[in-house]
Amino acid sequence: MPTAALVSLATSVPPHVFLQKDVLGAAWDSLGPRFPEFERYSSIFSNTGIVKRHGVKPFDWYLEPRGWPERTEAFLGGAEALLVDVAGKALRRHNSPAAISTPS
């Protein structure tokens, strides 16, 4: 019976970086006026130890109203791009001649 082995490892993150302070500011602008309890919960942004986040779309993209189909499309497109990137890195680290292709 064939066995599997991990021969290479790589990581990848989405291309857009969001600083936590900017995320908190956007949360205040969006949620503060609608939820009176937000002030009490907003300390979570400071207390988590998170300095930055990554997203598949630019920061302003997330500030616009979007439906589930558009958000899902962005998530899946970003996930596919990350998969191709990280798989390519892992194959190159292992010096594998295998090619990477995804369905069109």
Counting just the residues of the range 1-35 that are of a type in the set (Ser, Thr, Tyr) and within 30 Å of Asn95 (Cβ to Cβ), which one comes out surrounded by the fewest Cβ atoms within 10 Å (Cβ to Cβ)?
Thr3
Return a yes/no flag: does the range 61-84 have any residue that is assigned to a loop (DSSP other than H, G, I, E, B), surrounded by 11 or more Cβ atoms within 10 Å (Cβ to Cβ) and either polar (S, T, N, Q) or under 13 Å from the mean Cα position of the chain (by Cα) (or both).
no
Does the range 39-57 contain at least one residue that is at pLDDT 90 or above, of a type in the set (D, E, K, R) and part of a loop (DSSP other than H, G, I, E, B)?
yes
Failed item in (1) modelled with pLDDT of 90 or more; (2) in a helix (DSSP H, G or I), with Val13 passing the rest:
(2)
The correct count of residues that are surrounded by 13 or more Cβ atoms within 10 Å (Cβ to Cβ) and over 28 Å from Asp85 (Cα atoms) in the range 36-60 is 3
Condition met for Leu91 (assigned to a helix (DSSP H, G or I), modelled with pLDDT of 95 or more and surrounded by 13 or more Cβ atoms within 10 Å (Cβ to Cβ))
no
How many residues are within 22 Å of Ala10 (Cα to Cα) and either assigned by TED's automatic domain parsing to the domain that holds Ser30 or in contact (Cβ under 8 Å) with a residue 60 or more places away in the chain (or both) if we restrict to the range 58-80?
1
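The values are calculated or read from the model by the stated rules, or taken from the named source; none is laboratory data. Not measured: the values here are computed from a predicted model. Counting neighbours? That spans all protein chains shown, and the Cβs are built from the backbone with ideal geometry, glycine included.
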